[in-house]
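**Student:** I have a structure here, written as structure tokens, and I will follow up with some questions on it.
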């Protein structure tokens with residue numbers, strides 16, 4: 001019961017934030033990045049459904065590029081947006097071929113789709129001398145150096161960075177935006193507004209994150225290679241939404257109540273007929 005109450009409270013808070021973001025727009029956004037298509041042009045998730053796509057990625061578009069001091073290069077990786085229509089556990093998986101070591105980040109944008117951000121917003125320059133989003137911070141919180149071009153209230157409409165996964169090497173010092181890049185699955189959310197916990201795993205050619213109770217709304221993600229020593233290659237992106245066990249339990253209870261009422265109604269009709 002406590003968990004159900006917490007989920008309902010989280011839904012209400014998320015709904016309020018989404019409503020606010022629908023009413024507000026960024027005056028700076030200028031489509032700094034574009035988005036790749038999904039298979040069947042379907043980027044909406046419903047309970048029990050999944051969406052997917054395939055693409056080819058460069059070896060160090062996400063991290064491990066020495067020319068950018070290991071930071072991400074927005075124009076060489078792949079951007080996607082998707083809409084989650086129901087509260088659900090959502091699994092995001094990127095599986096690459098033998099030449100691709102994937103990394104990706106997922107951000108929440110609330111009631112509106114990611115607007116693409118603004119090139120060079122705020123005049124930020126990385127330690128390697130590049131502006132955004134030619135180089136950007138893919139692993140930091142909104143407001144950190146290298147994120148203003150996409151952050152709500154600045155150059156874009158991203159509300160919160162939720163999590164990232166890296167299958168290549170870690171980089172903790174000397175990076176382009178002083179960000180930390182850790183191998184494995186990483187929860188970087190500052191609140192539980194959009195989810196109630198993040199887990200995941202990585203392998204040599206795969207990376208995944210699972211978002212517990214992902215709130216309805218729009219999300220953006222960026223995918224790229226994380227190992228400059230590899231050749232890059234093809235990958236598949238797969239996202240699925242699985243109802244919580246409590247959802248199944250509530251559905252079962254509802255079906256039992258309907259069956260009980262139908263049974264009692266049948267008995268009443270038989271008694272009247274008699």
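**Student:** Once label points are set 7 Å from the Cα along Cα→Cβ at both residue 236 and residue 141, what is their separation, rounded to one decimal in nm?
**Tutor:** 3.7 nm
**Student:** Can you give the FRET efficiency to the nearest 0.05 for residue 229 and residue 127, using r as the Cβ-Cβ distance and R₀ = 25 Å?
**Tutor:** In this case the efficiency is close to 0.65.
**Student:** Residues in segment 208-245 near a label at residue 97, defined as backbone nitrogen under 14 Å from the 7 Å Cα→Cβ point?
**Tutor:** From segment 208-245, the list is 231-236.
**Student:** Normalised by the number of residues in segment 62-187, what is the relative contact order in percent for Cα pairs under 8 Å and 6+ residues apart?
**Tutor:** Rounded, it is 29 percent for segment 62-187.
**Student:** Same structure again: So what is the relative contact order for segment 2-243, in percent, with contacts set as C-alpha pairs under 8 Å and at least six apart? If you can, show how the numbers build up before the last one.
**Tutor:** On the way: 718 pairs, mean separation 81.2, N = 242.
Reported as a whole number, the value is 34 percent.
**Student:** Name the shape class, rounded, prolate or oblate, that the alpha-carbon gyration tensor gives for segment 147-209, where a ≥ b ≥ c are the square roots of its eigenvalues, rounded holds for a/c under 1.5, and otherwise prolate holds if a/b is larger than b/c and oblate otherwise.
**Tutor:** Oblate, because a/c is 1.5 or more while a/b does not exceed b/c.
**Student:** What residues from segment 92-128 fall in the zone where the backbone N is under 17 Å from a label point 7 Å along the Cα-to-C-beta line of residue 199?
**Tutor:** Residues 92-93 qualify, since their backbone N sits under 17 Å from the label point.
**Student:** Still on this structure, please answer the following. Does segment 2-243 classify as rounded, prolate or oblate by the C-alpha gyration tensor (a ≥ b ≥ c root eigenvalues; a/c under 1.5 gives rounded; else a/b over b/c gives prolate, otherwise oblate)?
**Tutor:** oblate
**Student:** Looking at segment 2-243 only, what percent of DSSP beta bridges run antiparallel? Nearest 5 please.
**Tutor:** Percentage antiparallel, nearest 5: 95.
**Student:** Separate question: Between residue 56 and residue 172, what is the label-to-label distance in nm when each label sits 7 Å out along the Cα-to-Cβ direction?
**Tutor:** About 3.7 nm separates the two model spin labels.
Bear in mind that the values in this text are calculations on the coordinates, not laboratory data. Computed from a predicted structure; not experimentally measured. Every residue, glycine as well, gets a Cβ built from its backbone with ideal geometry; the counts of neighbours run over all protein chains shown.
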